[in-house]
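S.K.: Sharing a structure with you now.
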Amino acid sequence: MVRHYANHKHTGMMSNQHRRKVVGPTVGILACAAAGVVEWPVGAMVYIFRRMKGRRIMSHPVHVVYRRVSRAIPI
């Protein structure tokens, strides 16, 4: 089966042909890392005494910070 793909000259799009998000996820990863530097050691200390609370603190950068930042930037 041969597939024919139109190049950018035919579609009129010069850059980001597949409309992939680049900036939002990149900034989201940086924000996740910055939040993780603070929250993971705190979560590890809390985990000693209250396991579920410690797990929630340690997962916060990935589950909340990354999602909100990457969705907030539509590029």
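S.K.: Given the criteria within 8 Å of the chain's Cα centre (by Cα), among the basic types (Lys, Arg) and at pLDDT below 95, does residue 67 qualify?
M.R.: Answer is yes for this residue.
S.K.: Regarding residue 38, is this residue at pLDDT below 95, assigned to a helix (DSSP H, G or I), more than 11 Å from the chain's Cα centre (by Cα) and surrounded by fewer than 16 Cβ atoms within 10 Å (Cβ to Cβ)?
M.R.: Yes; evaluated as a whole, the condition is true for this residue.
S.K.: Here's a follow-up. Which residue pairs have Cβ atoms under 6 Å apart, sit 6 or more places apart or on different chains, and have a first residue in segment 59-75 that is surrounded by 18 or more Cβ atoms within 10 Å (Cβ to Cβ) and a second that is among the acidic types (Asp, Glu)?
M.R.: 60/39; 61/39
S.K.: Now for a different question. Working only within segment 41-58, note down all residues that are among the aliphatic types (A, V, I, L, M) and surrounded by 13 or more Cβ atoms within 10 Å (Cβ to Cβ).
M.R.: 42, 46, 57, 58
S.K.: Related question: From the residues in segment 1-35 that are surrounded by 12 or more Cβ atoms within 10 Å (Cβ to Cβ) and not aliphatic (A, V, I, L, M), which one is modelled with the lowest pLDDT?
M.R.: Checking each candidate, the answer is 17.
The values are calculated or read from the model by the stated rules, or taken from the named source; none is laboratory data. Note that the structure is predicted; figures quoted are calculated from it, not measured. Note: ideal-geometry Cβ built from the backbone for every residue, glycine included; neighbour counts use all protein chains shown.
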